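The values are calculated or read from the model by the stated rules, or taken from the named source; none is laboratory data. Only a predicted model underlies this, so the values are computations on that prediction, with no experimental measurement involved. Using ideal geometry, Cβ is built from the backbone for each residue, glycine included, and neighbour counts are taken over all protein chains shown. Surface accessibility is based on the protein's heavy atoms, side chains included, excluding ligands, DNA and RNA. Shrake-Rupley method; radii C 1.70, N 1.55, O 1.52, S 1.80 Å.
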Amino acid sequence: MAEQYIVGVAGVIAFLLGFVFLVRSWGLSKVKRAASMEFPKENCVNKNGNGEGEGEAVGTTEIIIVGAGVAGAALAYSLGKDECRVQLIERDLNALNRIAGEFLMPGGYLKLIELGLGGYTLNKDGKEALVSFPLEKFQSHVVGKTFHNGRFVQRLRKKAASLHNVSLEQGTVTSLLEENGIVKGVHYKDKSGQLLTAYAPLTIVCDGCFSNLRRSLCHSKVDIPSYFVGFILTNCKLPKEKYGVFILADPSPILFYPISSTEIRCLVDVPSQNLPSVSNGEMAHYLKTLVAPKVLPELYNSFISAIEKKDNIRIMPNKIMAGAPHLTPGAFLIGDAFNMRHAITGGGMTVALSDVVILRDLLRPLHDLSDASAICKYLESFYTLRKPMSSTINTLANVLHKVFSAPSDPAMENLQQTLLGYLKLGGVFSSGVSALLSGLCPRPLSLAFHFIVMAIYGVGQLLLPFPSPKRLLDGAKLLWVASSVLLPIIHSEGVRQMFFPLTVPAYYRTPPKGKKI
């Protein structure tokens, strides 16, 4: 009864806050330039830059894309369909063998469809909450996808290379070719090691989280709060078909999800300061003694077998980097080379594909890329237009990791219990959070709304059945800790761009006038 009362009070406050946000959002929508705006499908520029540099000058292209991962290959395909001449340069064209980039949220899947390219359970201490994506308004094929990253990327590359005006080449870009502060192309080494130079009016860098080109294009401060220790389980099934499993455990959150009909990926989040060594057996001991006891019984035997399998354990750093660009005429930075969030929610590909859609739509009305300074100023609008999706997913990922990875802190423990209880309420509470998480509702205001209502719910739970001094103190600590986690992350995303985009001048940039081809 008391819980129903709390939910009722939270619901009334939610309604009032929702009404305020709705009115504001309605006002924005009347003048908003949507992030997924549709421009006429006009041909890209065919005016090319020329110049001479060291090595051999290869071809003439309109746009060079560095990196043929998810973002690079998808962008090359979408620009190629718009009749742009694209040179796509990738360091290694062999199939990747990664333990990341294996989950595509429904919001990212919708972006994949828009480009013309083709749930889990939360467990803590035996309690379970289903997190289902609100897909009722979408066609049956719109779902969250888990898969082997290398196979997925190879299909994207094949799709891009199938276009006659997209040139896919294996090569290592060593540096940007810059003249008088304007990027004119790239220096790169081909497969044989020969130094070559490629020229284009616009170079788009999306060479991933290990980019060696980002230093000159953005503020590249990178934090590594934890590592994912990953391995593949076989001969087992997840408790609920079509649902991954997320276990909130001490000392490490554990994630299971299928990547094929016979394989299940396990990711264990390990703090950076406590990362054991794989080579001397410390990691296997850590997983067997501290992590395995927290695994669901039906997965335990396969978990132990996977640890004992030779060369099955792999490690990947979880990097966090705010998107803070240096505006550079002739060059542009997207994907994980530009902006990273913790990988615990699997939102990276959704952000990357959303960025690709926005950039493609910004480039569509351009007829002439030769004025690098004007193009650079115009494309500055990208950094505001991307905020609804990127800031929503970034904030959720970084907040949830902080909450999930500190189970020994009583205040964080209360936050975990609050989140679990909030999701178990179902209805608008659960579906609202999962819509934000999945990229189906990329609205920072909605994110703020749910955090406020969740905080009210959590404090109400702590005050039951009677608000004693200790319970009041616990409630105050919950609010303090929640604020200390959330507010710095919102600040790093940019309060103005996140919540007040109409006050950013770049929001209103229009395409520079150029000679129509």
State whether the residues of the range 273-293 include one that is open to solvent by 20 Å² or more (accessible area, probe 1.4 Å) and in a strand (DSSP E or B).
no
Kindly provide the set of residues from the range 315-366 that are of a type in the set (D, E, K, R) and within 17 Å of the chain's Cα centre (by Cα), ordered by number.
LYS319, ASP336, ARG341, ASP355
Looking at (1) hydrophobic (A, V, I, L, M, F, W, C); (2) at pLDDT 90 or above; (3) farther than 20 Å from PRO325 by Cβ; (4) not in a helix (DSSP H, G or I), which is the only condition LEU369 fails?
(3)
Given the criterion open to solvent by 30 Å² or more (accessible area, probe 1.4 Å) and touching a Gly at 6+ places or on another chain (Cβ under 9 Å), identify the matching residue among PRO465, PRO442, PRO488.
PRO442
Only residues in the range 318-331 that are surrounded by 21 or more Cβ atoms within 10 Å (Cβ to Cβ) count as the first member; pair them with residues that are among the small types (Gly, Ala, Ser) and assigned to a strand (DSSP E or B), Cβ under 7 angstrom, at least 6 apart or cross-chain, and list the lot.
ASN318/SER226
Could you list, in sequence order, all residues of the range 166-185 that are over 11 Å from ALA331 (Cβ atoms), open to solvent by 30 Å² or more (accessible area, probe 1.4 Å) and aliphatic (A, V, I, L, M)?
LEU168
Qualifying strands (runs of 3 or more DSSP E) (wholly inside the range 186-245; at least 3 residues being within 24 Å of ALA343 (Cα to Cα) and either among the aromatic types (Phe, Trp, Tyr) or open to solvent by 10 Å² or more (accessible area, probe 1.4 Å) (or both)):
223-233
